[in-house]
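Notes to accompany the following structure.
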Amino acid sequence: MSSPKAAAKAAPKAARKPAPAISAEPSKSEKAAFLKAMMEGIKPGSLAAQKSAAKKEPGARLLGKVPKTKASPAPKAAAAKPARTSAKKAEGAPKVEILRKISGAAGVARTPESERAFALAKELEAALADGKLDLIQPPAMQALMGALCKVYSANEDSGNRYPILAGRAAVTGTDVMIVCGALLKAVDLQVFELGMWQSWAGR
Amino acid sequence: MAEQFVSKASEFKDGDRQIIRLGEQEIGIFKHEGKFYAYSNFCLHQGGPACEGLTIAGVKEHLREDKTSAGLYFDEASMHFVCPWHGYEYDMFTGEQVADRKLKLKKYEIVQKGDEVYVVA
Ligand code: FES
């Protein structure tokens, strides 16, 4: 991927001549500020609401007073300057305003079987890291893989749907392709049959 | 610098985050393994909401003695948060951008007094 700097270097000289004002590209920070403002909109409590309130009400503190309802419009020219002066004079530190609370993953009580599965997964990962590829012998791998396939698909069918891999699982695309390919081959399915089934079943 | 009350510690569960505004600053406060971390919510890349994306352990690689790869793994001792706009990844403990540790989000001190959490700003 070429960096913006490299792209700028590669651009012909003519393209770097000052463009007419109307088509001038805004700077990165201007774009970011614009996008942020678009995302936020003028909602109560936002910086935009505070700024617009400060413009509308000459006496309003820029960082403190936020209108809960729409303020009646005040003459713009008269409002702008005094508001800035009063913001400078504002006493005390600004107050904390909670914008969003984002919950972490909900703690789920683990069953003893889940605990054993976690322990086994950890053991396998550690063995793999040590280069011990044959910790699980083929018949045991087949039994485990078969049971996992059946349990996962039974859960799917019964409506208990969840991602098959945790966000944190470090499984590469190649790992997935190898395993999926082997599973399809084991039950004599072609990739196009999988695609067909997915489109019919809406999965 | 003044201490500003943010929340009750008991209402702040492990893994939770709060995005607060303090004057013109927007701050993301994380609770990770019982400790609080607070950083500016303005991404160093293009001003995106840096503290509002995925949190994820650092990805490392197991190398065999001959330096060939034995696979990737998540290093549970580290924790990163990822800006949702274009994926700048920051170290939860330092605020550094992990691909270029010279870049650092502004860090805020968090003080806990009993059950009360304060941000120093
Ligand atoms: S704005 Fe955060 S990664 Fe681009």
Fill in: In the range A:136-167, the residues that are of a type outside the set (A, V, I, L, M) and either surrounded by 12 or more Cβ atoms within 10 Å (Cβ to Cβ) or not in a loop (DSSP other than H, G, I, E, B) (or both)
A:PRO138, A:PRO139, A:GLN142, A:GLY146, A:CYS149, A:LYS150, A:TYR152, A:SER153, A:ASN155, A:GLU156, A:ASP157
Worksheet item: For residues in the range B:40-57 being within 12 Å of the chain's Cα centre (by Cα) and not in a strand (DSSP E or B), which is nearest to the ligand (Cβ to nearest atom)?
Response: B:CYS43
Practice prompt. Return yes or no: is B:TYR108 buried (at least 18 other Cβ atoms within 10 Å of the Cβ) and within 16 Å of the ligand (Cβ to nearest atom)?
Written response: no
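Within the range A:149-157, can one find any residue that is small (Gly, Ala, Ser) and modelled with pLDDT under 85?
The answer is no, given that none of the residues of the range A:149-157 is small (Gly, Ala, Ser) and modelled with pLDDT under 85.
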Practice prompt. Kindly list, by first and then second residue, each pair from a residue in the range B:1-23 that is under 10 Å from A:LYS101 (Cβ atoms) to a residue that is of a type in the set (S, T, N, Q) and surrounded by fewer than 16 Cβ atoms within 10 Å (Cβ to Cβ), limited to pairs with Cβ atoms under 7 Å and residues at least 6 apart or on different chains.
Written response: B:ASP16/A:SER103
Worksheet item: Can you spot a residue in the range B:68-77 that is more than 11 Å from the ligand (Cβ to nearest atom), among the aromatic types (Phe, Trp, Tyr) and either within 13 Å of another protein chain (Cβ to nearest Cβ) or within 29 Å of A:GLU30 (Cα to Cα) (or both)?
Response: yes
Item to complete: Give me a count of the residues in the range B:111-121 that are within 11 Å of another protein chain (Cβ to nearest Cβ) and surrounded by 14 or more Cβ atoms within 10 Å (Cβ to Cβ).
Response: 4
Practice prompt. Could you tell me whether the range A:111-129 includes any residue that is in contact with a helix residue (DSSP H, G or I) (Cβ under 7 Å, 6 or more places away or on another chain), modelled with pLDDT under 90 and surrounded by 12 or more Cβ atoms within 10 Å (Cβ to Cβ)?
Written response: no
Worksheet item: Can you tell me which residues in the range B:61-81 are touching a Phe, Trp or Tyr at 6+ places or on another chain (Cβ under 8 Å) and loosely packed, with under 14 Cβ neighbours inside 10 Å?
Response: B:GLU61
Worksheet item: Only one of (1) within 14 Å of chain B (Cβ to nearest Cβ); (2) assigned to a loop (DSSP other than H, G, I, E, B) fails for A:ALA127. Which number is that?
Response: (2)
Worksheet item: Which of the residues that make up the range B:16-43 are facing chain A (nearest Cβ under 8 Å) and touching a strand residue (DSSP E or B) at 6+ places or on another chain (Cβ under 7 Å)?
Response: B:ASP16, B:ARG17, B:GLN18, B:ILE19, B:ILE20, B:ARG21, B:LEU22, B:GLU26
Discussion item. Can you find, within the range B:94-105, the residue that is nearest to the ligand (Cβ to nearest atom) among those that are surrounded by fewer than 15 Cβ atoms within 10 Å (Cβ to Cβ) and in a loop (DSSP other than H, G, I, E, B)?
Written reply: B:ALA99
Practice prompt. Would you point out which residue out of B:GLU109, B:GLU24, B:GLU65, B:GLU3 is of a type in the set (Asp, Glu) and within 13 Å of the chain's Cα centre (by Cα)?
Written response: B:GLU109
Discussion item. Which count do you get for residues in the range B:1-15 that are more than 20 Å from B:GLY95 (Cβ to Cβ) and within 7 Å of chain A (Cβ to nearest Cβ)?
Written reply: 3
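What residue, of B:ALA50, B:ALA38, is open to solvent by less than 30 Å² (accessible area, probe 1.4 Å), among the aliphatic types (A, V, I, L, M) and touching a Cys at 6+ places or on another chain (Cβ under 7 Å)?
Checking each option against the conditions leaves just B:ALA50.
The values are calculated or read from the model by the stated rules, or taken from the named source; none is laboratory data. Small disclaimer: the values here were computed from a predicted structure and weren't measured. All Cβ positions, glycine included, derive from the backbone under ideal geometry; neighbour counts span all protein chains shown. Heavy atoms of the whole protein, side chains included, go into the accessibility calculation; ligands, DNA and RNA do not. Shrake-Rupley method; radii C 1.70, N 1.55, O 1.52, S 1.80 Å.
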